[in-house]
Amino acid sequence: MTQITIPRPDDWHLHLRDGAMMQGVLPETTRHFARAIIMPNLVPPVVTAADAMAYRERILAALPEGAQFDPLMVLYLTEDTDPADVAAAHATGLVKSVKLYPAGATTNSHGGVRDFDKVRAVFETMAEIGMPLCMHGEVTTPEVDIFDREAVFIETILDPIRRKTPDLRVVMEHITTKQGVDYARSGGDTLAATITTHHLIINRNHILVGGIKPHYYCLPVAKREEHRLALVEAATSGDARFFLGTDSAPHADHLKEHACGCAGCFTATNTMQLLAHVFDAQGKLDELAKFASQNGPAFYRLPENTAQMTLVKTDEAAQWPDKIMTEAGPVTVFDPGFPVYWHVQP
Ligand code: DOR
Ligand code: ZN
């Protein structure tokens, strides 16, 4: 197969930031994606329905001329989040999810949750109204090795939450382990998982062998090759529980190439080309539509996009800029480390 047409894709986990950075990176997403779940870890975070409405307006105002793009808003869960505000946000139809960051787990997560019992009432309300909870699934316990933090989270936090609130609909975001894949598969129709582009391509050797590669550092950190293979198998299986969330996370280069570099890979520009490559290599191109365009809207109970996207394989390697130049500084585009022959038809 050298050509494939799929419904226009969506990104079920995206960081747009704000201000100059948002202005610079938005076109990279709107070029290919119709909708995206917009992460709320701004400084200060998007906590209330009013915050989300104001952020949505800033995104709409920054859209490139003629772009058709629907930002799906998300509230940042804190121990003070008011269940009534969450329900009111959901009722607007513009806020699709609440994001749980364990405090300290990742970029701008210090306002997140320390004591999960303090957010039980929010979980109950969300279960009642059918609103999905997006989870950054890593424990922050200093004694737990960073490569084990996802597996320990599933066992000690996620599973107990789901047992106490069985109707809560949960998206395990950016899973990076075989344990994540297995748990998502065990969950019935209240559980789904997003997988990023970069976790389908790199393992932890890519970050650490032959010199440290800060542009491959993200959270959760990439794991061993056996875990990457489990993610590729899940993403390309067509299973409705797995769908694309790029976690494309722009940081200016000087903050990545730093003694204490920020976590995040920027993949908005080349995700669709890379996914076509990965699915093609597995002989699973016919499952790309499910992963990138169909399973996500089905879980979020939204219609599929009616517009389409065609991807074409040629003898020429795809080109993209090494960096996106923003007024907040240059942002390095994820480099898969191999040539890609799939192109998105303009
Ligand atoms: O790599 C990451 N970057 N993981 C996250 O969870 C947050 C994100 C960011 O905001 O930069
Ligand atoms: Zn993220």
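The values are calculated or read from the model by the stated rules, or taken from the named source; none is laboratory data. Since the model is a prediction, treat every value here as computed from it, not as a measurement. All Cβ positions, glycine included, derive from the backbone under ideal geometry; neighbour counts span all protein chains shown. Note: areas computed on protein heavy atoms with side chains; ligands, DNA, RNA excluded. Shrake-Rupley method; radii C 1.70, N 1.55, O 1.52, S 1.80 Å.
A few comments on the model shown:
- Scanning segment 256-281 for residues that are part of a helix (DSSP H, G or I) and either within 16 Å of ligand 2 (Cβ to nearest atom) or in contact with a His (Cβ under 8 Å, 6 or more places away or on another chain) (or both) yields 256, 271, 272, 273.
- When segment 60-76 is filtered for residues that are in contact (Cβ under 8 Å) with a residue 40 or more places away in the chain and either exposed (fewer than 14 other Cβ atoms within 10 Å of the Cβ) or touching a helix residue (DSSP H, G or I) at 6+ places or on another chain (Cβ under 6 Å) (or both), the ones remaining, listed by number, are 62, 67, 68, 69, 71.
- Any pair with Cβ under 8 angstrom, 6 or more apart, that starts in segment 281-295 at a residue that is without any contact (Cβ under 8 Å) to a residue 40 or more places away in the chain and ends at one that is of a type outside the set (A, V, I, L, M): none
- Condition check for residue 292: within 19 Å of the chain's Cα centre (by Cα) and surrounded by fewer than 18 Cβ atoms within 10 Å (Cβ to Cβ): no
- Residue match in segment 187-198 (condition: within 16 Å of ligand 2 (Cβ to nearest atom) and assigned to a helix (DSSP H, G or I)): yes
- Among helices (runs of 4 or more DSSP H) entirely within segment 45-130, having at least 2 residues that are away from ligand 2 (no atom under 16 Å from the Cβ) and closer than 30 Å to residue 28 by Cβ singles out 49-62, 83-91.
- Cβ-Cβ distances below 6 Å connect the following pairs, each with a first residue in segment 108-126 that is within 24 Å of residue 17 (Cα to Cα), a second residue that is of a type in the set (Phe, Trp, Tyr) and at pLDDT 95 or above, and a separation of six or more residues or different chains: 109/101; 112/101.
- Any hit, segment 300-317, residues being open to solvent by 10 Å² or more (accessible area, probe 1.4 Å) and within 16 Å of ligand 1 (Cβ to nearest atom): no
Let's see how each residue does on (1) in contact (Cβ under 8 Å) with a residue 24 or more places away in the chain; (2) surrounded by fewer than 24 Cβ atoms within 10 Å (Cβ to Cβ):
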residue	(1), (2)
147	yes, yes
195	yes, no
199	yes, no
205	no, yes
214	yes, yes
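- Every condition in (1) buried (at least 20 other Cβ atoms within 10 Å of the Cβ); (2) assigned to a helix (DSSP H, G or I); (3) more than 14 Å from ligand 1 (Cβ to nearest atom) holds for residue 22 except the one numbered (3).
- Filtered by the rule that a residue be exposed (fewer than 15 other Cβ atoms within 10 Å of the Cβ) and more than 17 Å from residue 109 (Cβ to Cβ), segment 33-57 gives 50, 54, 57.
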